[in-house]
Amino acid sequence: MFLSDLDKEIAVLKKMGRYRFLRPLSTAQDAVITINGRQLVNFASNNYLGLANHPEIVAAFTAAAARYGVGAGASRLICGHMDIHAQLEEALARLKGTEACLTFSSGYLANLGILATLGGPRATVFSDELNHSSIIDGCRLSRSRVEIYRHADADRLEALLKTSKAPRKIIVTDSVFSMDGDIAPLPDLVALRDRYGAVLVVDDAHAVGVLPPRGCGSAEYFNLPPEAIDVQMGTLSKALGTYGAYICASKKTVDYFINTCRTFIYNTGLPPALAGAAIKAVEMLSAGTDLLRRLWENRESFIAEMAARGRPVESPSAIMPLITGGDRETMVVSAALYERGLFVHGIRPPSVPQGMGRLRLTLMATHTTEMVRTAAACVDELFGEEGLKAIGKKRYKKS
Ligand code: PLP
């Protein structure tokens, strides 16, 4: 029985320095967390604005649970559709300036569903090589031909589009790349979409609630009209502090998804209590929360602190990739930071390419300036001890 071999496979992972394990937090997802009784400053979370445990979000969640209960009880198309889902979808469509919106139970399910619904044997999906794993799995599920283009390279993408004879062409990209923090060249991708009659799908998971000026996402950041991107996917689980996901698109597209998207149809509706919490989060963002300004101050202060130490980190988002290279170095530095009271997650293959291990340090609005300064000082010291340099990678510049 092959399960008896799992020990051997786990031993191999341990030997390679790729063994993964769970660490239980006994506190909320805050700037300071407790793991195994130990207090640590948290630089590993996607709770960018601190909304996951914000009193107003918790109150909205409780109020919605009191009124609608916790679970949706059924698929939205059976009897799990509640008016609170519709309100959340209206709020998200307003935030994004699109005609319509449809929520999903998670970003992973949304990406699987988008690609499986739009793809098919007559389609080719053109996918950035550093796209999130949920997009990679969506490509697989779509039964389409898949062309991987070099990271953020519109010229390479165009070369592939030019030679493609597929009647349906789908370009799919993260806007902010989850492990690199850089931003896709969206204006170029929009131009290619128009030139080659493609459909453009953008995953805004790490852009909404993060990118300036108002945190509405990558279209706003690049000053693109909402219709420039055919499907704007986003998650509620990062800066919006809750759970679930959505697509913002035209009415026609949303209607088509309601009728054909299997990860929407065959899945229980988003828990209404979460919908209530997410509505409050969207309201706070739409009203221009000060938390976005705090996040950007912390981001700028980390970049300045690192530059002052001769280790420039260029990232236009709240994700700072500090490249360590090998698996051993990644885990040594991450463990040493942990010993100093800082939780910065080490990322190894297969989450990133071989030899591109890194610390993925994320900033939050709830960090104090002192926490940010201490993080930069410790990273600098430990990179120095390991003889490492934080590699600044080539990034797309907003023109
Ligand atoms: N897309 C990106 C870019 C992500 O980073 C994530 C992270 O989890 C997802 C999709 C999946 O979202 P979810 O956690 O809601 O399933």
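The values are calculated or read from the model by the stated rules, or taken from the named source; none is laboratory data. Please read these numbers as outputs of a predicted model, since none were measured by experiment. With ideal geometry, Cβ positions are generated from the backbone for all residues, glycine too; neighbour counts draw on all protein chains shown.
Things to note:
- Yes/no for Glu300 being assigned to a helix (DSSP H, G or I) and under 21 Å from Gln29 (Cα atoms): no
- Qualifying residue in the stretch 150-169 (condition: away from the ligand (no atom under 16 Å from the Cβ), surrounded by 22 or more Cβ atoms within 10 Å (Cβ to Cβ) and either part of a strand (DSSP E or B) or without any contact (Cβ under 8 Å) to a residue 12 or more places away in the chain (or both)): yes
- Subset of the stretch 348-362 (residues that are in a loop (DSSP other than H, G, I, E, B) and of a type in the set (S, T, N, Q)): Ser351, Gln354
- Top-ranked residue of the stretch 39-58 - restricted to ones that are surrounded by fewer than 16 Cβ atoms within 10 Å (Cβ to Cβ) and touching a residue at least 24 places away in the same chain (Cβ under 8 Å), ranked as farthest from Gly234 (Cα to Cα): Gln39
- Residues (away from the ligand (no atom under 11 Å from the Cβ), of a type in the set (Val, Ile, Thr) and surrounded by 24 or more Cβ atoms within 10 Å (Cβ to Cβ)) located in the stretch 112-140: Val125
- Given (1) surrounded by 22 or more Cβ atoms within 10 Å (Cβ to Cβ); (2) part of a helix (DSSP H, G or I); (3) not β-branched (Val, Ile, Thr), index of the condition Leu109 fails: (1)
- Every pair of residues 6+ apart whose Cβ atoms lie under 6 Å, when the first sits in the stretch 258-282 and is in the same structural domain as Gly69 (by TED's automatic domain parsing) and over 28 Å from Ala59 (Cα atoms) while the second is surrounded by 23 or more Cβ atoms within 10 Å (Cβ to Cβ) and not polar (S, T, N, Q): Cys261/Gly113; Thr263/Leu112; Thr263/Gly113
- For the stretch 205-228, the count of residues that are more than 16 Å from the ligand (Cβ to nearest atom), of a type outside the set (Asp, Glu), closer than 22 Å to Ser134 by Cα and surrounded by fewer than 22 Cβ atoms within 10 Å (Cβ to Cβ) is zero.
- Restricting attention to the stretch 251-284, the residues that are crowded, with 22+ Cβ neighbours inside 10 Å and not in a helix (DSSP H, G or I) total 4.
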